[in-house]
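Scroll down for the structure; my scribbles are underneath it.
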Amino acid sequence: MDARVDGKVALVTGASRGIGAAIAAQLLASGAAGVVITGRRPETLEEVAGRLGEGAVPVAGNAADPDHIEAAVATATRRFGRLDLLVANAGTNPGAGPLMDVELSALDRTWEVNLRSPLLWARAAWHAAMAEHGGAIVTIGSVGGIVTSPVLGAYNVSKAGLHHLTRQLALELAPGVRVNAVAASVVRTRLSEALWAADETAAAAMHPLGRLGDPEDVARAVTFLLSDAAAWITGVVLPVDGGLTGAGGSAVTPQG
Ligand SMILES: NC(=O)c1ccc[n+]([C@@H]2O[C@H](COP(=O)([O-])OP(=O)(O)OC[C@H]3O[C@@H](n4cnc5c(N)ncnc54)[C@H](OP(=O)(O)O)[C@@H]3O)[C@@H](O)[C@H]2O)c1
């Protein structure tokens, strides 16, 4: 692919597996000089960093913890002297079900990690580096932030909020920093297992392109949005969804 991020330094949250790990790998393959990766489990993160090579630097912590956020951003600027690209990818869904029934602790946790934390990461990156030197940010949204679903109330509202946070940040941080989101449909990862593992064929069939997403499908779109190939694109929410929303956005429901 053509999108390059040569010499750039990136930070990807929630990169010990799934979509985040694929994004970190794609950025390094596309020329990034370094990628700070985060996740809560230090051993897993070390292992992934080892696999990615010496450009990958692990900083373990909870994506919603302001001290961890400061530490991870400081690691990027100390280790590489800059921070150009941020991917707010870490996300969670501890409280599936309708909003009428979801535990308030699960609701708070979902909105804290999926919505509040990307803002804190953007603020930290802005104040530490991007306000002065510019940069690009991508948040990982969801088709659930575009269409409603009976089974994913708290998560979907958090992603709808994240989409609008992305547009608001694009306005506030222009012209130096571009901010975009991708809205992924079902990607074969641990987080979304309840949506596809019981009947993968049916889950795939909801998508006009006839298959589920792979983490690499999202990683390529994120790399494009971070690269200079997207130099005149900011404030967009790009569906990376196998055609689901274009086809009318049928609700994403677990099969079986
Ligand atoms: N998979 C899908 O179908 C799909 C669709 C649309 C959007 N998304 C979004 O894509 C993003 C990545 O999801 P995924 O599917 O790749 O999930 P995943 O395979 O479960 O990976 C989640 C990653 O985030 C880390 N993480 C989770 N909570 C964290 C926290 N509080 N602080 C720091 N790290 C945390 C996990 O590591 P630790 O557990 O070690 O912390 C792991 O590295 C999420 O924002 C998700 O909402 C996914």
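Just so it is clear, none of the values below were taken in a lab; they were calculated from the coordinates. Values in this document were obtained by computation on a predicted structure and should not be read as measured data. In this analysis, Cβ positions are derived from the backbone assuming ideal geometry, glycine residues included, and neighbour counts consider all displayed protein chains.
Mind checking the angle between helix 42-52 and the chain's longest principal axis? C-alpha axes, 0 to 90 degrees, to the nearest 10.
On a 0 to 90 degree scale, this one is about 70.
Rg and Dmax of the chain over Cα atoms: what are they, in angstrom?
17.1, 51
For the stretch 144-256, take every pair of Cα atoms, bin their distances at 5 Å starting from 0, and report each bin as a whole percent.
Result, from short to long distances: 2, 12, 20, 23, 20, 12, 7, 3, 1, 0 percent.
Test of understanding: in a Gaussian network model of the chain with alpha carbons linked when under 10 Å, which of S158, S117, S192 would top the mean-square fluctuation ranking?
S192
When averaged across all projection directions, what area in nm² does the alpha-carbon convex hull of the stretch 3-66 cover?
Mean projected area for the stretch 3-66: 4.0 nm², to one decimal.
So what's the back-of-envelope 222 nm ellipticity for the chain, counting only DSSP H runs of four-plus at -39500 (n - 2.57) apiece and dividing by all residues, rounded to 500? Before the final figure, lay out each step's value.
Values: 9 runs with 98 residues, N = 256.
Per the formula, -11500 deg cm²/dmol.
Cα convex hull of the stretch 1-108: how many Å³ per residue?
Values: hull volume 12.3 nm³, N = 108.
Given the Cα convex hull of the stretch 1-108, per-residue volume reads 114 Å³.
Mind giving me the nanometre distance, one decimal, between the label points for D108 and D67, set 7 Å out from Cα along Cα→Cβ?
Computed distance between label sites D108 and D67 equals 1.9 nm.
Rounding to the nearest 10 and keeping the result within 0 to 90°, find how far the Cα-based axis of helix 215-226 lies from the longest principal axis of the chain.
Compared with the principal axis, the helix lies near 50 degrees.
Name the long-range amide H neighbours of I137: under 5 Å, sequence gap of 5 or more, or other chain; modelled H, no Pro or chain starts.
L86, R178, V179, N180
Two decimals is fine: what is log10 I(q)/I(0) at q = 0.21 Å⁻¹ for the stretch 58-132, from a Debye sum with one equal scatterer on every Cα and no solvent?
After summing over all Cα pairs, the log10 values are -0.87.
Taking one equal scatterer on every alpha-carbon of the stretch 73-218, how large is log10 of I(q)/I(0) by Debye at q = 0.11, 0.17, 0.18 1/Å?
The Debye formula, applied to the Cα set alone, gives -0.47, -0.97, -1.05.
Using a 7 Å offset from the Cα along the Cα-to-Cβ direction at both M100 and E47, what is the distance between the two label points in nm, to one decimal?
Reported label-point gap for M100 and E47 is 4.3 nm.
Along the Cα-to-Cβ line of Q168, 7 Å from the Cα, sits a label point; which residues in the stretch 58-99 have backbone N less than 20 Å from it?
Label zone hits: 64-66, 86-92.
Take the alpha-carbon centre of the stretch 25-81, take the same for the stretch 116-140, and report the distance between them in whole Å.
Using only Cα atoms, the two centres lie 15 Å from each other.
Which GluC sites (Glu not before Pro) in the stretch 35-138 pass both tests, a DSSP loop state and at most 14 other beta-carbon atoms within 10 Å?
Passing both the DSSP loop test and the Cβ count: E54, E103.
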